[in-house]
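What follows draws every value from the coordinates through simple rules; no lab data is involved. Predicted model only: the values in this text are computed from it and were never measured. Every residue, glycine as well, gets a Cβ built from its backbone with ideal geometry; the counts of neighbours run over all protein chains shown.
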């Protein structure tokens with residue numbers, strides 16, 4: 001198809017959406033490459049240091065908001081959505097059990113990056129079959145792309161106050177991917193913001209990382225702290241992390257729009273038994289070989305064994321007092337790295353404090369019983 005007419009481009013756009021859905025995407029939208037209105041927000045976010053140690057965010061400057069600079073010749077961006085909410089997600093059940101490890105639900109199955117990229121590549125190849133010439137490139141968190149701004153402009157959903165994309169009929173439990181193309185496809189209507197006066201996500205955030213609507217200070221975010229943070233987790237956030245050892249879903253869990261979220265049909269996104277609702281102490285017992293085996297094909301593997309143990313040590317410190325936990329932590333001190341050891345010492349201190357509280361409570365109960373006996377309120381057998 002050379003120099004396609006308007007009607008041909010309209011037909012192609014409809015076909016692209018049909019092909020995308022056949023490949024497993026729940027939604028496909030198209031937008032142009034003008035993201036200039038987002039540049040000031042991005043610049044301000046970077047200048048305030050909210051990217052933390054994610055230096056790659058600033059290294060690319062404003063290229064993130066300029067798709068045509070990332071791939072010269074790009075005229076349109078095809079944005080896709082793929083749902084990942086697993087069946088029987090056990091959100092509250094796991095969060096309530098302090099001895100169990102909570103892993104962000106997107107990470108319980110296969111690494112979505114490879115899956116989405118492969119599907120996007122297939123979509124690009126399908127489009128190329130219909131065009132005389134086409135250059136395309138798929139992206140899934142693999143380059144400086146403003147995926148949420150693109151999704152909003154392509155009609156996928158609006159950017160919520162927690163900075164994630166929300167769809168009125170599917171909530172926010174989905175992955176995004178982009179396909180850059182150099183053909184002038186017709187574009188979709190952008191979605192307008194629809195969070196209204198709701199501030200549930202700002203209020204629920206354990207570390208108050210959403211410093212204002214639509215602005216997240218990554219340095220405070222549990223997902224950043226447990227995944228992107230390479231060194232020690234700041235002490236002031238450790239107790240707030242609770243049993244979340246990889247990522248955090250709180251801002252999505254509280255979002256009222258997620259009552260409309262759909263369960264995924266992708267078996268690859270279903271939870272692995274070795275990761276779902278496992279005891280912290282059992283995961284901490286893994287050696288590096290076991291970690292690599294059990295996280296093969298999982299996004300968790302990217303943080304490496306050392307940070308995995310670091311996160312678990314924090315979780316064990318936040319768990320209810322247990323002599324077994326104390327013993328396990330003590331035994332690990334001589335067999336781990338300096339980074340993990342620092343967090344083990346912190347965890348032991350937390351466990352010691354909890355043991356002291358238990359003893360104090362027992363003492364207070366004993367004194368209360370003695371006073372009751374003295375007053376004749378209970379029988380002194």
Three principal axis lengths of segment 85-193 [C-alpha, angstrom, descending]: 58, 31, 25
Average Cα contact separation per residue, segment 121-186, under 8 Å, 6 or more apart, as relative contact order %: 37 percent
With Cα atoms, 0 to 90° folded angle of helix 304-318 axis to the chain main axis: 40 degrees
Highest to lowest packing among 15-26, 227-238, scored as the average C-beta count within 10 Å: 15-26, 227-238
Value of [θ]222 nm, deg cm²/dmol, for the chain, DSSP H segments ≥ 4, -39500 (n - 2.57) each, nearest 500: -12000 deg cm²/dmol
Segment 239-281-segment 1-37 distance, computed between alpha-carbon centres (Å): 32 Å
Label point at residue 189 placed 7 Å out along Cα→Cβ; residues across segment 19-36 whose backbone nitrogen lies under 15 Å: 30
Cα pair distances exceeding 19 angstrom across segment 135-272, given as percent: 59 percent
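Please work out the FRET efficiency for the pair residue 118 and residue 235, using the Cβ-Cβ distance as r and a Förster radius of 51 Å; give the result to the nearest 0.05. Write out the running numbers ahead of the final one.
Values: r = 41 Å, r/R0 = 0.81.
Efficiency, from the Cβ-Cβ distance: 0.80.
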Peptide ranges 114-127, 87-100, 151-164 listed from the most packed, as the mean C-beta count within 10 angstrom indicates: 151-164, 114-127, 87-100
Calculated over segment 77-131: convex hull of Cα atoms, volume per residue (Å³): 92 Å³
Coarse-grained scattering of the chain at q = 0.12 Å⁻¹, given as base-10 log I(q)/I(0) from a Debye sum over alpha-carbon atoms: -0.96
Degrees, to the nearest 10: 112-129 long Cα axis against longest axis of the chain: 10 degrees
Relative contact order (percent, whole number), the chain, Cα cutoff 8 Å, 6+ residue spacing: 20 percent
Helix axis angle, 6-22 relative to the chain longest principal axis, alpha carbon, degrees: 30 degrees
DSSP bridge pairs, the chain: antiparallel proportion in percent, nearest 5: 90 percent
Values of log10 I(q)/I(0), in the order q = 0.25 Å⁻¹, for segment 160-206 under a Debye, Cα-only, solvent-free model: -1.11
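Send over the per residue convex hull volume for segment 1-152, Cα only, as a whole number of Å³.
Working: hull volume 22.1 nm³, N = 152.
Hull volume normalised by residue count: 145 Å³.
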